[in-house]
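> Below is a structure I'd like to ask you about.
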Amino acid sequence: DSGVTQTPKHLITATGQRVTLRCSPRSGDLSVYWYQQSLDQGLQFLIQYYNGEERAKGNILERFSAQQFPDLHSELNLSSLELGDSALYFCASSVGASYGYTFGSGTRLTVV
Amino acid sequence: QQQVKQSPQSLIVQKGGISIINCAYENTAFDYFPWYQQFPGKGPALLIAIRPDVSEKKEGRFTISFNKSAKQFSLHIMDSQPGDSATYFCAATSDTGANNLFFGTGTRLTVIP
């Protein structure tokens, strides 16, 4: 157990629907990062939050949004889902990037 | 623009051989260079990391070699084992700015018995 908890582990939904992925960071970590990994692809950075505030944005679609709550857990909202959104979504947390990230085990999203 | 370039994309090594994965970067402000190991269906896990004040760091069979002047670093896996078969990502960051890790594109390593 890495200390970063992601729920749910698996999600199957239909095109056009909206889903919410949840992440609880490791205790003491203020930064949360979201990544998308499609089949046999690399890690695509989506967005970073630090202590409740958005810190950096990557290749995040307008249909996607995220937030970090006062208790530091984060949610990634994906709407108007398309088949191409099927992927593994990882959350990572850190006390600072120069101390490394700790990744969760991911949420596998399948859009049918 | 890819901040960290990684090669090769895939690598097949015989059991007992040496696996070598290379990465290059451009941003001279980078001062932390980790490697992550990812097994299928799992999240990446920190394997080993180096800071630019040393040229080499070794942990068991895993060694990072760092060349600051060439802006390159590499992962060497000695006595490669089938259990090392995984995808490996290099990354880099600095303490300044957004403090994000920039990942390479990954190398799929297969160690054949």
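> Hey, could you check the stretch A:28-77 for residues that are surrounded by 12 or more Cβ atoms within 10 Å (Cβ to Cβ) and among the acidic types (Asp, Glu) and say which is modelled with the highest pLDDT?
Within the stretch A:28-77, the match that is modelled with the highest pLDDT is A:75.
> Name the residues in the stretch B:97-113 that are away from every other protein chain (no Cβ under 14 Å) and surrounded by fewer than 16 Cβ atoms within 10 Å (Cβ to Cβ), would you?
B:112, B:113
> Anything in the stretch A:4-60 that is over 15 Å from the mean Cα position of the chain (by Cα), within 11 Å of another protein chain (Cβ to nearest Cβ) and not aliphatic (A, V, I, L, M)? List them, or say none.
Correct list: A:40, A:41.
> How about the stretch A:78-112: which of its residues are buried (at least 16 other Cβ atoms within 10 Å of the Cβ), within 19 Å of residue A:48 (Cβ to Cβ), facing chain B (nearest Cβ under 9 Å) and in contact (Cβ under 8 Å) with a residue 12 or more places away in the chain?
Across the stretch A:78-112, the qualifying residues are A:88, A:90, A:91, A:92, A:94, A:97, A:101, A:102, A:103, A:104, A:106.
The values are calculated or read from the model by the stated rules, or taken from the named source; none is laboratory data. The structure displayed is predicted, hence computed values, not measured ones. All Cβ positions, even for glycine, are placed from backbone atoms using ideal geometry, and neighbour counts span all protein chains on display.
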